[in-house]
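*Asks:* Shown below is the structure under consideration.
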Amino acid sequence: QVQLVESGGGLVQPGGSLRLSCAASGVTFSSYAMSWYRQAPGKERELVAVITSPGGSTNYADSVKGRFTISRDNAKNTVYLQMNSLKPEDTAVYYCRVQLGYLGYWGQGTQVTVSS
């Protein structure tokens, strides 16, 4: 079965950086676009970034453009989210997702807290 496991979250000060990872199994990773979402307390889950495959085209939410970078390593079945210049409003649980036809799969999420 498809499994997505996120890691790399934590507590960071404003202006700091974190790198999230999402390891996938049970899926032909190189064939599918991968995405990162986030959900802050009391808010709806929102799309943060997407990366296609093949080709590696990327797209970002306006709120993270210029600060976040999504990338993938198909040899490692892993997608990354490099987050720089973090702000308190980036605090959320971050999830990776893969859409296989009509089915979408989510990881368990990793908490990112930006606070001084």
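The values are calculated or read from the model by the stated rules, or taken from the named source; none is laboratory data. Since the structure is predicted, the reported quantities are computational estimates derived from the model, not experimental observations. Please note: Cβ atoms are built from the backbone with ideal geometry, for glycine as well, and neighbour counts cover all protein chains shown. Please note that ligands, DNA and RNA were not included when accessible areas were found on the heavy atoms of the full protein model with its side chains. Shrake-Rupley method; radii C 1.70, N 1.55, O 1.52, S 1.80 Å.
*Asks:* With contacts defined as alpha carbon pairs under 8 Å and 6 or more residues apart, what's the relative contact order of the chain in percent?
*Replies:* So the answer I get is 36 percent.
*Asks:* Mind listing which trypsin sites (Lys or Arg not before Pro) in segment 53-87 are in a DSSP loop and have 13 or fewer other Cβ atoms within 10 Å?
*Replies:* Loop-located and lightly packed - 65, 76.
*Asks:* Just report the Cα centroid separation between segment 1-62 and segment 71-102, whole Å.
*Replies:* Segment 1-62 and segment 71-102 have Cα centres spaced 2 Å from each other.
*Asks:* Quick check on the chain: of the DSSP beta bridges with both residues there, what percent are antiparallel, nearest 5%?
*Replies:* Of all bridge pairs located within the chain, approximately 95 percent are antiparallel.
*Asks:* Less than 19 Å from a label point 7 Å out along the Cα-to-Cβ axis of residue 53: which backbone N atoms in segment 15-36 qualify, by residue?
*Replies:* 20-36
*Asks:* Rolling a 1.4 angstrom probe over the protein chains, ignoring ligands and nucleic acids, what is the accessible area of residue 106 in square angstrom, nearest 10?
*Replies:* Surface accessible to solvent at residue 106 totals approximately 100 Å².
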